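Only the coordinates and a few stated rules stand behind these numbers; no lab work does. Treat the numbers as computed from the prediction; the structure is a model and nothing was measured. Glycine gets a Cβ as well: all are built from the backbone with ideal geometry, and neighbour counts include every protein chain shown.
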Amino acid sequence: MTDGPTDLRGDTRQPLDIEPETAESAPRVEAPSAPEESGRSRRRWSILLAVPVLLALILGYMWLFSGRYVSTDNAYVQRDMVSVTSQVSGEIVAVHVTENQQVRRGDLLFEIDDQPYRVALADAEAQVAQARVQFASLRAESAGTSGDIAGAQANLAYAERNFERYRDLHERGFLSRARYDDAVHDVQEARERLANARASATTAGAALAPGGLGNQPVLQAAIAARDAALLNLERTQVRASADGYVTQTDRLQVGNSVVTGVPVVTIVRSETTWIEANYKETDLENMYVGQPAEIDIDAYPGTVVRGHVASIGVGTGSEFSVLPAQNASGNWVKVTQRVPVRIAVDGTPERPLIAGLSATVTVDTQERPPQTQAGGDQPAARP
């Protein structure tokens, strides 16, 4: 038997001659060099060290600045508003403004029917004229009483002279008793006439105040009534009492009747704008008047308005509500209160700040105004 395999024909196959792989034909695995291994090691250590350092920086930033800024989104744009009321009653006959129109102080808004007030003014002027006539009559009467006094005095002197003559004659028996009594009566009558003349002069003088026509009470009352009628006539033209923008003009229609003291339109003043930010009471620990603030208006994304703390409210919002909370001791739950903080706007914003717009206000509490730094930890005056 042969060592090699045989085929079916009996042929003996030659053993396969397989050459072993040499070192040159096998794939080469190069060992990393020493510099590359060192670089990889350094990168791994850098990453491992960077993570805790980054975490430490983040934690340090949060520790330093977490209490520096206090923010609230419970804030709204506020502007002063003036309610325009009519000081006289009547029917509107003309309207000179439209909704959201800008007006200046003194501009004519609307007019009220002035015919009744013109009639009242004419009546008041007639009263003034009547007072002047009355003064002239009283002055003439007063002047006439002086003549009456002079005449009464002359009559009294004549009656007294006759009485002296008749008395002498009566004493010597040349005059009857009846004639003597008539002389006595004439003297008494002349004295009464003089007294009456003097009383009339006093009465006439009392009706005339010293100082001439301008100081007469009747005339002054008539002039005051005329001035009131003239003022009411002028008030039929209702004018703007402030600079701003007219709103709520739906009630301002020709033919409508206005009543004294009832608001007709509103003027939103253009020169006063501020932000009312309602902060939690726990955010006020480090807040002082004068600290800078950053205002983000919801209507204008990306627009930042600068401001500062103008004042801090003297009471919470619940204290000034129509129905303040009255919690019983049995169901009392402590609720964090909101304190209104007024934020003044610095400069002129790029976009108009419409009253009522929502805003987010962030106050930097790290900065302290000079008056608070000098006084230690005491807060600034909070009007």
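Can you tell me the FRET efficiency between ALA126 and SER89 if r is taken as the Cβ-Cβ distance and R0 is 30 Å, rounded to the nearest 0.05?
0.80
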Study note, to complete from the structure: Quick calc: nm separation of the 7 Å Cα→Cβ label points for THR348 and ARG167 -> 10.1 nm
Review point. Given H placed 1.01 Å from N in the peptide plane, which residues other than close sequence neighbours of THR272 have an amide H under 5 Å from its amide H?
Key: ASP80
Study note, to complete from the structure: PRE zone check, label point 7 Å out along Cα-to-Cβ of GLN253, amide N under 20 Å, scope region 96-124, hits 96-101, 109-113
Check your understanding: So what are the radius of gyration and Dmax for the Cα set of region 242-305, in Å?
Key -> 19.2, 57
Review point. If you add up the charges near VAL128, with Lys and Arg at +1 and Asp and Glu at -1, over every other residue whose beta carbon is less than 14 angstrom from its beta carbon, what do you get?
Key: -1
Check your understanding: What is the extension gain from GLN115 to TYR69, computed as 0.36 nm multiplied by their sequence separation minus the C-alpha to C-alpha distance, in nm to one decimal?
Key -> 10.2 nm
